[in-house]
1. A:Gly312 is checked against (1) part of a loop (DSSP other than H, G, I, E, B); (2) buried (at least 22 other Cβ atoms within 10 Å of the Cβ); (3) more than 11 Å from every other protein chain (Cβ to nearest Cβ) and fails just one. What number does that condition carry?
2. Does A:Tyr402 satisfy being part of a loop (DSSP other than H, G, I, E, B) and either farther than 30 Å from A:Phe313 by Cα or open to solvent by 10 Å² or more (accessible area, probe 1.4 Å) (or both)?
3. Would you say A:Leu347 is under 20 Å from A:Phe375 (Cα atoms) and open to solvent by 40 Å² or more (accessible area, probe 1.4 Å)?
4. For A:Met407, work out the one condition from (1) within 17 Å of A:Ile174 (Cβ to Cβ); (2) away from chain B (no Cβ under 14 Å); (3) aliphatic (A, V, I, L, M); (4) under 13 Å from the mean Cα position of the chain (by Cα) it doesn't fulfil.
5. Is it true that A:Phe335 is touching a residue at least 12 places away in the same chain (Cβ under 8 Å) and more than 10 Å from chain B (Cβ to nearest Cβ)?
6. I'd like to check which strands (runs of 3 or more DSSP E) are fully inside the stretch B:375-472 and have at least 3 residues that are touching a Pro at 6+ places or on another chain (Cβ under 8 Å).
7. Look through B:Arg295, B:Arg288, B:Arg312 and report the one residue that is farther than 27 Å from B:Ala463 by Cβ and of a type in the set (Lys, Arg).
Amino acid sequence: MGLYKMMDDSLQLQERGLLLIASLIVITGVLAVSLATNSLDSKILALLGCLIACWLSIHLILRHSSHRNGDPFFLPLAVMLIGIGLTMVLRLKPALFLYQSIWVIAGLFCFLFSVFFFRHLEQLSQYKYLCGMIGIVLLLIAIIFGVDIGGHRSWVILGPVRFQPSEFAKIFIILFLAAYLTERHELLTSATKHYGPLVLPHPRFIAPLLAIWGLAMVMFVVQRDLGSALLYFGITIIMVYIASGRLTYVLLGIILFFIGSFACYKLYAHVQVRVDIWLNPWADPNGKAYQIVQSLFALGSGGILGSGLTYGFPQMIPEVHTDFIFAAIGEELGFAGSSAVLISYILIIYRAFKAALETINPFSILVAAGLAVSFALQIFLIIGGVTKFFPLTGITLPFVSYGGSSMVANFILLGMLFAISEERPKHAP
Amino acid sequence: MHLNITDKFYKNIRGVAFSLIGLLVILFFYLAYVQIIQEDFLANHPLNHRALELAAKTQHGTIVDLHGEKLAVSIPDGSGGFKRKYPYGPITGHVVGYDSAKYGKTGIESTYSGDLTGLNNPLRHLGPITSIWKNQPGNNVGLTIDARLQETAYKALGTKRGAIVAISPRTGAILAMVSKPSFDPNSIDQSWDTVSQAADSPLLNRSVQGLYPPGSTLKVMIAEAVLAEKIADRNRIFNCNGALKIGPDYILTESNHQAHGKINLEEALAVSCNITFGTLSLELGRNRMEKTFERYGFNRPLGNDLQELSSRLPDFSRLSDGELAQTGIGQGSLLVTPIRMAMLASSFANQGIMMQPYLVNQVTAPDGTVVKRFTPKKWLQPSSPQLADIIKQMMITVVNAGTGSGTRLSGISVAGKTGTAENPHGASHAWFIGFAPADDPQIAIAVIVENGGSGGETAAPIARQIFAQALR
């Protein structure tokens, strides 16, 4: 018992130390922007103090509850990314700093709530169809009632509240898939039918896979949201692969996606435009490819060390504070800053996979793996998009982009991962 | 059983984790490629407006004249940026140029933009550290222009269209460069529509980009050529009866239809005799005529930041006899810029040596240290000191006893040549090229007044005012 106590204490100290470093990054960033623009505002400093108090109290609450075994890297990494995000929001859109801070506080509370709630994750698997329904309904709401804000038709407006259902749908779909796949994994693996050289499972078992593929295609065409389509479809095939171990599914999924995408490319002009911009942005740098070309200019002008906060011109990129905030980081903080952000994400993803590998409940394993996959795909799509590594898709940068839905949803997701990481056996390092 | 499932899941998750994290690591290297390898391409791409914006935020260096008189200064515009102010307004409009966010830059503002804005600083790559000296203004540019002389030249042209170029014959330093009509660079944004569309092209810097037939001013070069080629000596007597029949159907005449009678080369130059110089051009022939133009550099670009338009020379091998004679008196299809004629005059003032004309003396850092200094450079040696001296004597005679009398100054000997260039666009252009004092030349000049009529009556008195100011 004494040994466990000591280990718990070392995790606590580790998390506290990392949180303090992350807090230092936020303080430095906000002070740098304030001093450079000569607008040192006591309200902003008070808000900053409030935020730091918030995450430190969450740390204390979590480490003094009955479970003390959670991964000490999740919260500090998220706080560091939030710090960079808040600094950039203050620098790009000072008026939105207050709102973003409120969203961070809301997100932190959702994180805490999420940790407590998902400590009993196994019970949720009973409600898998409810989860699946909620996820699909949220996506359908976005498809049917979606309003175009800033180039994405993924917003739903309910009176004074605007939110992006797809950010939350992700969580429900992952829960559904995890529950469905733990239950059926054997059938997916063994019940097969032979179609010539192809060995495929019985159609009954690939029905959900086909359903989500169809949904993704609809999102692609109706919402013009290639990013979400790829994200949901990618999560589905990879989770099916994890459960079944059959690469056939992955292959089948990729073939289906290419058929669908090719048809869309041929049929819809806006898909062609997206792909053509990606293939050669310099053909129309002042027109269709304006955003991506400006993003590349920002990244290139930043170089290794960046222009320094407030000394660059990231405002030349349209929508810089949401989808293109990564390019702004690349310009003002240079490769030093942008690579720090990318490495932080890679660490979170690494720890998420580690949580999946250290838990023993099959359902929890699949949930954690699904969340890790969704996080990894999202990072790849958005950072790959703004650097022209991949066609541009409108997806937010978790914890950094301005926006409430994304902030809250990602904190819930992180809370789930934290809760799962608490399940690991006490002897795990 | 349970263990079995979880182990299988673990194995598959490991594979997925390696693949996805591997994908992100590839993205990491790609990001490094964009931000480090492609940095220069992206940062300096012409469509990347960051350099312009950065320039607007820094205080540009001051442009000063020969004596430190300010020609362009940056003053705060009240909103964190800077505004360019030109104390001499239209007087230095073409030389100094304008700097407009909307319409770009011209003149020194354009050619020395990197120095003036400080953006060509090699320490630019140090990132945020550079903000330590970012609030420093750009480098100052010192011109060879003498603002007082420039003002005199500007006023001397009055309301007429034309150009004046004054250079120091010994160094090639440009002392004054005026083009009329001019524009006010202080209000270029407001007056752009009027100025850019005006029929008399105020934005055109006529001194380096105006192409004109040189008329009789070219006769000094032909005189040097016939002496150099030993076609005639100073004692040869020509007989001018007012008309010269060339070929079956062309007759070259004197502009005032008078016969000059029996004259030598010096007298022919003094009265600007077309018959004599037409005859000499025919004797010189197409080849030697072409060689003469080459010797004086007319086919060679100046190759520095003067943004000069190159002269239009005829295709000599295809010239008819009549056209050859016309070329020799500065007519026909030949077109030159005023700066070239000032350089031609300066070569006779400087023992047959043409110096490289230049506009910038030095570039200095805000703390006064010299960043770049320009030293006079010999460009060409078209003539020998002896021949140049003979032509100089002839040019003194032009002023003392010929068409150039309008430039005579008491106590100072002036050398010159007038020209009255016929052109298809109306009245003749009035020309004067020359230098003073003849025994110790300080200034060489070319004056052209578009459609100004007789060179002796219109251009020569303008040159006189500039000589008077320069030699005070």
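1. Only one criterion is unmet by A:Gly312, namely (3).
2. So A:Tyr402 passes the test.
3. yes
4. Result: A:Met407 fails condition (1) only.
5. Taking the combined requirement at face value, the residue does not satisfy it.
6. Qualifying strands (runs of 3 or more DSSP E): B:415-423, B:426-436, B:443-449.
7. Among B:Arg295, B:Arg288, B:Arg312, only B:Arg288 is farther than 27 Å from B:Ala463 by Cβ and of a type in the set (Lys, Arg).
Conditions tested, residue by residue: (1) farther than 30 Å from B:Gln351 by Cβ; (2) surrounded by 24 or more Cβ atoms within 10 Å (Cβ to Cβ); (3) modelled with pLDDT of 95 or more.
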{"position": "B:Thr130", "(1), (2), (3)": "yes, no, no"}
{"position": "B:Gln136", "(1), (2), (3)": "yes, no, no"}
{"position": "B:Asn139", "(1), (2), (3)": "yes, yes, no"}
{"position": "B:Lys155", "(1), (2), (3)": "yes, no, yes"}
{"position": "B:Gly162", "(1), (2), (3)": "no, yes, yes"}
{"position": "B:Ala166", "(1), (2), (3)": "no, yes, yes"}
{"position": "B:Arg170", "(1), (2), (3)": "no, no, yes"}
{"position": "B:Met177", "(1), (2), (3)": "no, yes, yes"}
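The values are calculated or read from the model by the stated rules, or taken from the named source; none is laboratory data. Values in this document were obtained by computation on a predicted structure and should not be read as measured data. Glycine gets a Cβ as well: all are built from the backbone with ideal geometry, and neighbour counts include every protein chain shown. Heads up: the accessible areas ignore ligands, DNA and RNA and are worked out on the full protein's heavy atoms, side chains in. Shrake-Rupley method; radii C 1.70, N 1.55, O 1.52, S 1.80 Å.
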